[in-house]
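Q: What follows is a single structure, and I will ask about it in a moment.
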Amino acid sequence: MDLALSEEQEAVRRLAEDFVAREVTPHATAWDRAEEVDRGIVKKLGAVGFLGLTIPEEYGGSGGDHLAYCLVTEELGRGDSSVRGIVSVSLGLVAKTIASWGREEQKREWLPRLASGEALGCFGLTEPGTGSDAGNLATRAVRDGGTGDYVINGTKMFITNGTWADVVLLFARTGDAPGHKGVSAFLVPTDTPGLARRPVHGKLGLRGQATAELVLEDVRVPAGAMLGPEGKGFTVAMSALAKGRMSVAAGCVGIAQTALDAAVRYAGEREQFGKPIASYQLVQELISDIAVDVDAARLLTWRVADLIDRGLDFATAASKAKLYASEAAVRAANNALQVFGGYGYIDEYPVGKLVRDARVMTLYEGTSQIQKLIIGRALTGVSAF
Ligand SMILES: Cc1cc2nc3c(=O)[nH]c(=O)nc-3n(C[C@H](O)[C@H](O)[C@H](O)COP(=O)(O)OP(=O)(O)OC[C@H]3O[C@@H](n4cnc5c(N)ncnc54)[C@H](O)[C@@H]3O)c2cc1C
């Protein structure tokens, strides 16, 4: 893998950097305090091409490669993880999954709208009773013998973009087979009667992001709403999450890079004992620990993009990148806060938000423990699940 970016990739990175400097960074603190990102950001993300970055051009996307996707996700993560998550979910988990698994009419119906930002997607896997053990989900989709429709009942928890989304990629049990074997995937428009959305408030971080509980009571969808074959829903979900982990990892690199930039800047400006704190070796240790974490996390993440773009097996590499980058983002943000001293604890400065936003990264799209089990299974051939 050539670590030097091509001209095209560098142009995409610069486009994202400029977009974030103009449209995201100036508002991030206010959105965090208001607990809501300005919804207008969705149309802007669509217009600049980020919501369709890796979607083929024939469906309204830009047909970009996965390294370009990493570069954009990292820049968005540098600016505001709440905005980065909008793209990671709508493009990374929903649109890309429709592109991989959808029938032609499903691609034509959803991809151009998702790529332009006219529609937003959310991913409904987690339930109140099943998080890490997602294959045991309880939501049911029962075939109506008369019409052929499916009637869905159940509850989904912690759904990113949940209150804003126009379509949910929903996972529900369609058969009696135990565990993940009886699960199928559906594309459910969120205005379907019987689907209620309740905002989740009080999050530690990602406060600007619309997180929701989805309650489905007799939600009726046509048989054509099924995505992929019946009973293969868990495979659909896991294929989405494997690539999704690369995008979370790239977002974590963004958090760690912002932590590094802020710590270096502040250490040069802040004086104690008559000298900039940057001159003290223990402060330099904090900064150098962040810098190594940034580089290591970025290299692991770019390797995943390279493997995907070359059509090679990437799933274990994606788990390694997500595990390392998410733990690194937490460490980096925490180290940066230490450099800022008491000022880091106040939200006039950027690092407190980084600590709060980083913390969820080791929890969602598979906790750190689950990533270790996936890596362990790949190495030993023995499954702990
Ligand atoms: C802000 C936010 C946004 C989210 N967005 C989405 C979304 O868009 N769509 C969606 O479907 N979900 C989403 N989630 C849900 C997220 O993926 C789950 O929270 C996550 O999978 C963990 O599940 P859980 O919270 O039920 O924890 P649990 O599974 O109950 O885990 C609790 C603890 O037990 C550990 N544990 C569990 N099983 C094992 C095991 N076998 N071995 C060792 N340790 C284990 C875990 O690592 C963890 O430390 C989101 C969550 C949050 C907080």
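A short reminder: the numbers here are calculations on the coordinates, not readings from a lab. Not measured: the values here are computed from a predicted model. Positions of Cβ are backbone-derived with ideal geometry, glycine not excepted, and every protein chain shown enters the neighbour counts.
Q: To the nearest 0.05, how large is the calculated FRET efficiency for Ala384 and Ala138 if R₀ is 30 Å and r is the Cβ-Cβ distance?
A: Working from the Cβ atoms, E equals 0.85.
Q: Between Asp347 and Ser100, with labels modelled 7 Å along Cα→Cβ, what's the label distance in nm to one decimal, could you check?
A: 3.6 nm
Q: Further question: Quick one: work out the % antiparallel among DSSP beta bridges in the chain, nearest 5.
A: 85 percent
Q: While we're looking at this one, here's another question. Output the 0 to 90 degree angle, nearest 10, between the alpha-carbon long axis of helix 315-340 and the longest principal axis computed from the alpha carbons of the chain.
A: Tilt of helix 315-340: around 40 degrees.
Q: Still on this structure, I have one more. So which aspartates and glutamates pass the test for Lys353, namely a Cα distance under 19 Å, with those fewer than 8 places away in the same chain ruled out?
A: By straight Cα distance, Lys353 reaches Glu23, Asp32, Glu35, Glu36, Asp38, Glu74, Glu75, Asp80, Asp261, Asp293, Glu327.
Q: Give me the Kirkwood hydrodynamic radius of the chain in Å, from all C-alpha pairs, to one decimal place?
A: 21.2 Å
Q: For region 235-380, build the charge dipole from Cβ charges (+1 Lys, Arg; -1 Asp, Glu) around the Cα centre, then report which of Leu286, Gly341, Ala305 sits farthest towards its positive end.
A: Towards the positive end, the residue furthest out is Ala305.
Q: I need the shape label for region 7-120. Rule: rounded when a/c is under 1.5, else prolate if a/b > b/c, else oblate, with a, b, c from the alpha carbon gyration tensor.
A: oblate
Q: Let me ask something else. How big is the charge dipole of the chain about its Cα centre, in debye rounded to the nearest 20, if each Lys and Arg gets +1 on its Cβ and each Asp and Glu gets -1 on its Cβ?
A: 760 debye
Q: Another question about this same structure. Among rounded, prolate and oblate, which fits region 104-260 when a ≥ b ≥ c are the square roots of the eigenvalues of its C-alpha gyration tensor, a/c under 1.5 means rounded, and a/b larger than b/c means prolate?
A: prolate
Q: May I ask you to evaluate 6.51 cos²θ - 1.76 cosθ + 1.60, the Karplus curve with θ = phi - 60°, for each residue of region 186-194 and list the ³J(HN,Hα) values in order in whole Hz, giving x for glycine and proline?
A: Listing the rounded values in order: 9, 9, 10, x, 6, 8, 5, x, x Hz.
Q: Another question, if that's okay. For region 168-177, what does the Karplus curve 6.51 cos²θ - 1.76 cosθ + 1.60, with θ = phi - 60°, yield as ³J(HN,Hα) per residue in whole Hz, taken in order and with x for Gly and Pro?
A: Those phi angles translate into 10, 7, 10, 10, 9, 7, 10, x, 8, 4 Hz.
Q: Continuing with this model, one more query. Ranked by Cβ crowding within 10 angstrom, fewest neighbours first, how are His66, His27 ordered?
A: His27, His66
Q: Could you give the angle, 0 to 90 degrees to the nearest 10, between helix 104-116's Cα long axis and the longest principal axis of the Cα atoms of the chain?
A: Around 30 degrees separate the two axes.
Q: Ordered by residue, what ³J(HN,Hα) values in Hz, to whole numbers, does region 366-382 give under the Karplus form 6.51 cos²θ - 1.76 cosθ + 1.60, where θ = phi - 60° and Gly and Pro are x?
A: Each residue's phi maps through the Karplus curve to give x, 5, 4, 5, 5, 4, 5, 5, 5, 5, x, 5, 5, 7, 9, x, 10 Hz.
Q: Exceeding 23 Å between C-alpha atoms, which entries from my cross-link table qualify? They are Lys96/Lys322; Lys96/Lys156; Lys181/Lys322; Lys43/Lys320.
A: Long pairs (Cα-Cα over 23 Å): Lys181/Lys322; Lys43/Lys320.
Q: How big is the charge dipole of region 123-230 about its Cα centre, in debye rounded to the nearest 20, if each Lys and Arg gets +1 on its Cβ and each Asp and Glu gets -1 on its Cβ?
A: My answer is approximately 320 debye.
Q: Write out the trypsin sites (Lys or Arg not before Pro) in region 305-385 meeting two conditions: DSSP loop, and at most 16 other Cβ atoms within 10 Å of their Cβ.
A: Listed in order of number, the matching sites are Arg310.
Q: Restricting the calculation to Cα positions, tell me the Rg (one decimal) and the Dmax (whole number) of region 228-385 in Å.
A: 18.4, 69
Q: Further question on the same structure: Which chymotrypsin sites (Phe, Trp or Tyr not before Pro) does region 322-371 hold that lie in a coil by DSSP with at most 13 other beta carbons within 10 Å?
A: Answer in residue order: no site qualifies.
Q: Another one. What does DSSP give for region 101-204 in terms of the percent of beta bridges that are antiparallel, rounded to the nearest 5?
A: Of those bridges, close to 70 percent are antiparallel.
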